[in-house]
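Written below as structure tokens is the structure these notes are about.
We did not get these values from a lab; they are worked out from the coordinates using the rules stated. None of the values given here were measured: they were computed from a predicted structure. Every residue, glycine as well, gets a Cβ built from its backbone with ideal geometry; the counts of neighbours run over all protein chains shown.
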Amino acid sequence: MINDAYVALSEEIPADELKMARQFMDLLGAIYPQLPLPATKYQNWPDILDKGLNDLENSHGCWAHFGGHDYLNAYVSDYATPPEIMVQLAVLLPMHEYSLWSGEDVPAIKKILDGLSAFYDEEIGSINRWLPAHWINWMDQKSS
């Protein structure tokens with residue numbers, strides 16, 4: 001055998017792109033149950049999660065320090081970009097859910113929560129994407 005293929009044919013010629021896309025999905029749906037399934041491989045997700053959480057909490061490249069608080073970097077060792085609220089919240093939610101599910105204390109949750117109030121700007125009555133109190137200092141440091 002040189003090649004193996006699954007082919008679905010139709011006598012209908014679609015009149016436009018929408019009908020062509022629908023036909024493609026219908027034919028793919030007809031073929032999909034015939035495809036051989038890959039072997040199931042066990043992934044030890046709790047162990048993988050524990051290792052990842054340990055790396056996140058203990059790697060200096062994951063955190064920046066401003067005004068007495070630690071903030072997650074958007075990318076490992078990315079000190080060229082100031083801390084962003086969306087990064088803090090995007091990591092906080094799954095950590096909180098994991099803590100509720102596992103019953104385990106996750107120290108990084110407190111670390112993130114302690115710094116969230118710094119994103120609030122009383123002058124505009126809302127949160128900012130960046131740390132408002134440190135933005136000017138941050139830009140000054142980058143230009144030096």
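Quick notes on this one:
- Shape category assigned to region 74-126 from the gyration tensor of Cα positions, a/c cut at 1.5: oblate
- Theoretical ellipticity at 222 nm over the chain - DSSP helices of four or more residues, -39500 (n - 2.57) apiece, nearest 500: -14500 deg cm²/dmol
- Couplings for region 110-126, taken from phi via the Karplus curve 6.51 cos²θ - 1.76 cosθ + 1.60 with θ = phi - 60°, read 5, 4, 5, 4, 4, x, 5, 4, 5, 7, 7, 10, 4, 4, 9, x, 7 Hz in order; Gly and Pro are left as x.
- Sequence-ordered 3J(HN,Hα) estimates for region 71-76 from the Karplus curve with 6.51, -1.76 and 1.60 and θ = phi - 60° stand at 10, 5, 6, 5, 9, 4 Hz, glycine and proline given as x.
- Label point at ILE109 placed 7 Å out along Cα→Cβ; residues across region 78-94 whose backbone nitrogen lies under 12 Å: 92-94
- Residue separation of ASN3 and ASN128 scaled by 0.36 nm, minus their Cα-Cα distance, works out to 39.4 nm of gained length.
- Convex hull of region 1-142 built on C-alpha atoms - directionally averaged projected area, nm²: 17.0 nm²
- Relative contact order (%) - criterion: Cα under 8 Å, at least six apart; region: the chain: 15 percent
- Just checking the listed ones, GLU104, GLU17, GLU122: in the Gaussian network model of the chain with Cα springs under 10 Å, the one fluctuating most is GLU17.
- 3J(HN,Hα) along region 36-51: x, 7, x, 5, 6, 10, 6, 10, 7, 4, x, 5, 4, 5, 4, 5 Hz, from the Karplus curve 6.51 cos²θ - 1.76 cosθ + 1.60 with θ = phi - 60°, whole Hz, x for Gly and Pro.
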